[in-house]
Amino acid sequence: MKYIVTLNGMDYEVDVTELDEAIVSNVAPSAPVAAPAAPVAAAPAPVAAAAPAAVSGTGTPVKSPMPGTILKVNVSAGQKVNEGDVLFILEAMKMENEIVAPTSGTVSQVIANKGASVATDEVLAFIG
């Protein structure tokens with residue numbers, strides 16, 4: 001049986017004899033073979049991605065540095081925190097990342113919940 005095989009942009013005619021296993025007996029460059037034209041279908045209309053709802057709060061926002069999933073929430077509204085305290089554990093790329101308080105103060109609002117998927121720069125909480 002003869003086959004046309006394309007390898008690195010070059011077409012080769014391959015002659016294969018059928019036995020218990022395939023044995024390539026002859027490999028020779030062949031004339032370029034034109035690919036059949038694929039029918040052109042109308043592209044589907046783009047679907048707008050749902051933008052996260054605008055979040056407003058008072059104080060310094062604590063934002064997600066990368067997309068991921070919230071594994072743990074270590075704070076609640078009204079809790080006092082110091083700069084550098086771990087507020088959230090974010091799983092991203094199979095790694096656990098600590099999201100720390102950018103400033104000292106009182107947590108005025110916690111927006112992210114355990115198990116929530118968050119995007120880059122999404123507000124997780126506010127520290128007033």
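Read the figures in this text as sums done on the coordinates, not as results from a lab. What you see is a predicted model; the values in this text were computed from it and never measured. Cβ coordinates were reconstructed from backbone atoms using ideal geometry, including for glycine residues, and neighbour counts include every protein chain displayed.
Brief remarks follow.
- Least to most buried among 71, 7, 90 (fewest other Cβ within 10 Å first): 7, 71, 90
- Projected label points at residue 95 and residue 79, each 7 Å from Cα along the beta carbon direction, are separated by 2.4 nanometres.
- Put in order of Cβ neighbour count within 10 Å, fewest first, the listed residues 73, 62 become 73, 62.
- The label-point distance for residue 108 and residue 6, in a model that sets each label 7 Å from Cα toward Cβ, rounds to 6.1 nm.
- Put in line by how crowded their Cβ is, counting other Cβ atoms within 10 Å and starting with the fewest, 108, 117 read 117, 108.
- The lysines whose alpha-carbon is closer than 24 Å to the alpha-carbon of residue 80, local same-chain residues fewer than 8 away aside, are 63, 72, 114.
- Applying the criteria of a DSSP loop state and at most 13 other Cβ atoms within 10 Å to the trypsin sites (Lys or Arg not before Pro) of the range 68-128 yields 94, 114.
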